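The values are calculated or read from the model by the stated rules, or taken from the named source; none is laboratory data. Since the model is a prediction, treat every value here as computed from it, not as a measurement. Here the Cβ positions follow ideal geometry from the backbone for every residue, glycine too, while neighbour counts run over all protein chains shown. Ligands, DNA and RNA are stripped out before the accessible areas are found, and what is left, the full protein with its side chains, is counted by its heavy atoms. Shrake-Rupley method; radii C 1.70, N 1.55, O 1.52, S 1.80 Å.
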Amino acid sequence: MKQLVELYKRWSGHEPKDIEKLPGQGSNRQYYRLWADDGSRVIGVIGTSRDENHAFVYLAKHFTQRQLPVPHILAVSDDETRYLQTDLGTVSLYDAIRGGREAGGRYNLHEQELLKKAIRELPNVQIRGARGLDWSNCYPQPEFDMNSVLFDLNYFKYCFLKATELDFHELKLEANFRMFARDLTSEPMESFLYRDFQARNIMVDKDGNPYFIDFQGGRKGPYYYDVASFLWQASAKYSFKLRRELVYEYYQSLSHYTEVPSVRHFAGRLALFVLFRTLQVLGAYGFRGYFERKKHFLDSIPPAIQNLRDLLKMDQRIFPYPYMMDMLRRLTELPQFAVIEQPAKSRADGFKTAVNDVYKANPLDGPARFSKYDGKGPLVVHVYSFSYRKGIPEDPSGNGGGYVFDCRSTHNPGRYEPYKKLTGLDEPVIRFLEDDGEIVEFLKPVYQLADHHVERYMQRGFTSLMFCFGCTGGQHRSVYSAQHLAEHINKKYGIEVEITHREQGIHQILPAKSK
């Protein structure tokens, strides 16, 4: 501490008026806020690793020259064990979106916009930040390569997998690990891999603009890694819908800095890195939780396992590692990772945020308890999915029904084995339908018709409007269509929408937005 004060004095010409020790950031560095008499302040850092400090100082200076939003280096000790940097404030993105995280992933529009601002700025750091960068200054290595991938995969194997006592063939797994590592490193990129790109390492100013810290572990590597690291952080509980929006924001922003691959190629590569990142964090959770007995990391294991389950639902042609994928499936089925059944039949990642609004009920009497028309109050829209084999849903409002749309002309994912047990709420089915595109074109005129009638019903003071989507089994196309129309109406008009996926026994309420 004395040497840090001396560095501050040499830089500013006077001793600090006050010194505040800041909470640890999960590394061996110690952070302090140093105050001057005029109220100005800087951050002082003490680090035991000279090489790590050197990497941060070099990168921060380089990024500053590139006019990127990072702290400026003000002074560095001769031995590089201490340095001063500008103070970017006290609010991290992690703090700013706490409400949505604690609400189980229900992020409000302000929180969503903060996330979008951060993900839009990432390509600026990755692509512009890489230009002219001397990679030899990176710590602990200059590039993302096969050795670093295999190190992390074996970290997962020894610190997590073996601790579960799951039986597996080590040589077969090692062979698949090598195939996986080869694929992850098959596209060399001249971009900066942040490596620890997460909400805790992003500061936000009063206007919500992001500033980036703790990038000392960065190196040359593929940009997919940081997207996976940021958006598939288990504790963040981002819904699939929000993730898709953020991936889209990133992809669009990336196109302003470099030539981008096709959407299909981008999505396939990103999926590989999501799987890798999931195994990587499970290794860290295993070491910190099973061996160091830290409760926070033990608590983080179930959501990470759920991320793994969601990946296993995807088209397995993306992951051509049969033994590894079978081992991961068996891992998720271990008794200690048993899923506590949620009220909804589908636990699709895209709709976890609405779990408190979902209940399993008799599809014939459940909605009536929630939507009995009493002739008073604002407009409430009721949206149903159903199977034509079981008839068109009755209208519990007593108005005699509403619009019925037949989805059976569109391509049916239920014809294919990988999708037969899934629904239109599940990521693989959503991906199938949207990549195919027929359902998207089908819904365009539906949205136009629905918008017109919602607006007229609101103008005329009507209180109940009903839309129904039917398909063969009431499982895939109709569920997708009903959910997306309901979310469209709720988002555009801010009114309450009740969704009933009749054949799935799911009822969900999208509440009216406060004025």
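List of remarks:
- With respect to the conditions (1) in a helix (DSSP H, G or I); (2) within 18 Å of the chain's Cα centre (by Cα), M314 falls short on a single one, namely (1).
- Within the set N147, N154, the sole residue that is free of Cβ contacts under 8 Å to residues at least 60 places away in the same chain and more than 30 Å from Y238 (Cβ to Cβ) turns out to be N147.
- When K61 is tested against (1) crowded, with 16+ Cβ neighbours inside 10 Å; (2) not in a strand (DSSP E or B), exactly one condition is not met: (1).
- Tallying residues that are hydrophobic (A, V, I, L, M, F, W, C), open to solvent by 20 Å² or more (accessible area, probe 1.4 Å) and over 15 Å from the mean Cα position of the chain (by Cα) within segment 205-234 yields 1.
- Cβ separations smaller than 7 Å between residues 6+ apart or across chains give the following pairs from segment 430-445 residues that are free of Cβ contacts under 8 Å to residues at least 12 places away in the same chain to residues that are of a type in the set (V, I, T): E434/V440.
- Pairing residues of segment 157-177 that are among the small types (G, A, S) with residues that are in a helix (DSSP H, G or I) and surrounded by 14 or more Cβ atoms within 10 Å (Cβ to Cβ), at Cβ distances under 7 Å and at least 6 apart in sequence or on separate chains, gives A163/G286; A163/Y290.
- One residue from G105, G89 being under 24 Å from the mean Cα position of the chain (by Cα) and at positive phi: G105
- The single condition among (1) open to solvent by 30 Å² or more (accessible area, probe 1.4 Å); (2) modelled with pLDDT of 95 or more; (3) in contact with a strand residue (DSSP E or B) (Cβ under 8 Å, 6 or more places away or on another chain) that E190 does not meet is (2).
- Selection of first residues in segment 86-109 that are among the polar types (S, T, N, Q) and of second residues that are loosely packed, with under 14 Cβ neighbours inside 10 Å, restricted to Cβ pairs under 6 Å at least 6 apart or on distinct chains, gives the following pairs, ordered by first then second residue: T86/H72.
- Qualifying residue in segment 170-183 (condition: under 25 Å from the mean Cα position of the chain (by Cα), under 17 Å from V281 (Cβ atoms) and open to solvent by 20 Å² or more (accessible area, probe 1.4 Å)): no
- The one condition in (1) open to solvent by 20 Å² or more (accessible area, probe 1.4 Å); (2) more than 30 Å from G424 (Cα to Cα) that L150 fails to fulfil: (1)
- Tally of residues being of a type in the set (A, V, I, L, M) and within 15 Å of H452 (Cα to Cα) across segment 482-505: 4
- Number of positions in segment 123-172 that are in a helix (DSSP H, G or I), of a type in the set (F, W, Y) and in contact with an Asp or Glu (Cβ under 8 Å, 6 or more places away or on another chain): 1
- Restricting attention to segment 207-248, the residues being in contact (Cβ under 8 Å) with a residue 60 or more places away in the chain, in a loop (DSSP other than H, G, I, E, B) and of a type outside the set (S, T, Y) number 12.
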